[in-house]
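Okay, so here's the structure we're looking at.
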Amino acid sequence: MRKKVLFICGSVNQTSMMAPDIGAFYRVRLFFHSILYRGFSRCFHEKIFGFLHSRGKYKELTLEYLRSNDLAIDYMGAANQYNFVFTCSDVMIQKNIRNKKIFLVQEGMTDPQRLPYYLVKMLRFPRWIAGTSVTGMSNAYDLFFTASEGFKDLFIKKGACPEKNRCYGHT
C-alpha cells in the first residue's frame, strides 16, 4: 500500500526546498484556526504578521508555484488520511496533523531572539508571537532535520529535543 505524504508549505522558497517528485500532496500553511486570531489577523496581519505565508500575495505565489509544477494541492490537508507530514514550521501544529508522523525541516535562518522569544520561553506565550526564533521548540514532531550541526546545536540550546534532531546539511 502506497503511503500518503502531506507537505505543509510556506513561502515559494520554503516550498521549492521541500518539493520532491513523489506525487505527494501539498498544503499552503494555515497556522491559526482560532477565532481570536482570525479577527486579530484581519486587522494587523500585513503589518505585524507579514512573515506568515498563509495569506495574500505570499499564498498566491506559493499556489502559483505548486500549480505550475503540477503538484497536487490539498488546501486544508483533509482530502486524504496521511501517513506522514513534512512541514517547514512548528510555530503552530495544526490539529488535523497532531496524530501523524511529523517531520520538521529547517527552512532557513531564524528570527533573532528578542522579547517575543523570551515571552514564549519563560512565560509560555503562544509560539506564533515569536516567529521563527522558536523553531524546534514545540517538540511536537517525530524528527527535526536541521541544515547544519551548528543549527542543530542552536535549536537544542533553545529547547529542541536532542534525540529528535538530525543534520541533513553540511557541518
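The numbers here are math on the coordinates, done by the rules we state, and not lab data. The model shown is predicted, which means the values in this text are computed figures rather than measured ones. Please note: Cβ atoms are built from the backbone with ideal geometry, for glycine as well, and neighbour counts cover all protein chains shown.
Values as computed for the structure displayed
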| quantity | calculated |
| --- | --- |
| Taking SER16, SER11, SER89 and counting other C-beta atoms within 10 Å, the order from fewest to most | SER16, SER11, SER89 |
| ³J(HN,Hα), Karplus 6.51/-1.76/1.60, whole Hz, each residue of the stretch 121-127, x for Gly, Pro | 5, 8, 10, 6, 5, x, 4 |
| Positive minus negative residues near ASN96 (Lys, Arg vs Asp, Glu; Cβ under 12 Å) | +3 |
| Whole-Hz ³J(HN,Hα) from phi, Karplus 6.51 cos²θ - 1.76 cosθ + 1.60, for the stretch 98-112, glycine and proline x | 5, 9, 9, 6, 10, 10, 8, 10, 4, 9, x, 5, 10, 5, x |
| Residues MET1, MET92 arranged by fewest to most Cβ contacts within 10 Å | MET1, MET92 |
| Amide H contacts of SER89 (H built 1.01 Å from N, under 5 Å, at least 5 apart or other chain) | VAL105 |
| Cross-link pairs beyond the 26 Å C-alpha cut-off, checked among LYS95/LYS164; LYS95/LYS121; LYS57/LYS158; LYS4/LYS157 | LYS57/LYS158; LYS4/LYS157 |
| Environment charge of VAL134, counting only residues whose C-beta is closer than 9 Å and scoring Lys/Arg +1, Asp/Glu -1 | +1 |
| Neighbour-count order for THR146, THR87, fewest beta carbons within 10 angstrom listed first | THR146, THR87 |
| Computed lengthening from ASN139 to LEU123, 0.36 nm per intervening residue step minus Cα-Cα distance | 4.0 nm |
| Formal net charge of residues neighbouring PRO116 (Cβ-Cβ distance under 13 Å; K, R +1; D, E -1) | +3 |
